[in-house]
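Quick notes on the structure that follows.
The values are calculated or read from the model by the stated rules, or taken from the named source; none is laboratory data. Every value quoted in this text rests on a predicted model; they were computed, and no experiment measured them. FYI the Cβ positions are ideal-geometry reconstructions off the backbone, even for glycines, and counts take in every protein chain you see. Heads up: the accessible areas ignore ligands, DNA and RNA and are worked out on the full protein's heavy atoms, side chains in. Shrake-Rupley method; radii C 1.70, N 1.55, O 1.52, S 1.80 Å.
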Amino acid sequence: MTTSTYQVSGMTCEHCVRSVTEEISGLEGVQAVSVDLPTGEVTVESANPLPDRVIRAAVDEAGYQLVES
Ligand code: 9UX
């Protein structure tokens, strides 16, 4: 199991949180997703590390932006 954290901008309400959570939860190998709305920090537990482009695409699809670190 791998735990990764990401910074996502643009989320302002619980519906935003749900959209991002559901989009990332649908990715292969993802076991758990948690979002801290005040900070925009997204924590993802997955069987194997997910490529950044996969996370970026999912966040984009939900309508938000992955902040590149
Ligand atoms: Mo409502 Mo969260 O438009 O963007 S889903 S504030």
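Which residue, Glu41, Glu22, Glu14, has the most motion in a Gaussian network model of the chain that connects Cα atoms within less than 10 Å?
Glu14
In nanometres, what is the gap between the two model label sites at Thr2 and Gln31, each 7 Å from Cα along Cα-to-Cβ?
Those two pseudo-labels are separated by 1.3 nm.
For the chain, how big is Rg over Rh, using alpha carbon atoms and the Kirkwood form of Rh?
Ratio value, two decimals: 0.91.
Heavy-atom accessible area per residue, the chain, 1.4 Å probe: how many Å²?
60
Among Val20, Val44, Val54, which one shows the biggest mean-square fluctuation in a GNM of the chain, springs joining Cα atoms closer than 10 Å?
Its mean-square fluctuation being the largest, the pick is Val54.
Work out the length of the dipole vector of the chain about its Cα centre, built from +1 on the beta-carbon of each Lys and Arg and -1 on the beta-carbon of each Asp and Glu, and round it to the nearest 20 debye.
About 40 debye.
Measure off, as a whole percent, the carbon and sulfur share of the 1.4 Å-probe accessible area of the chain, all protein chains present.
The nonpolar share, carbon plus sulfur, comes to 45 percent.
In sequence order, what are the phi-derived ³J(HN,Hα) couplings for the stretch 24-35 according to the Karplus relation 6.51 cos²θ - 1.76 cosθ + 1.60 with θ = phi - 60°, rounded to whole Hz, with x for glycine and proline?
Karplus-based 3J(HN,Hα) across the stretch 24-35 equals 6, 4, x, 6, 4, x, 6, 9, 7, 9, 10, 10 Hz.
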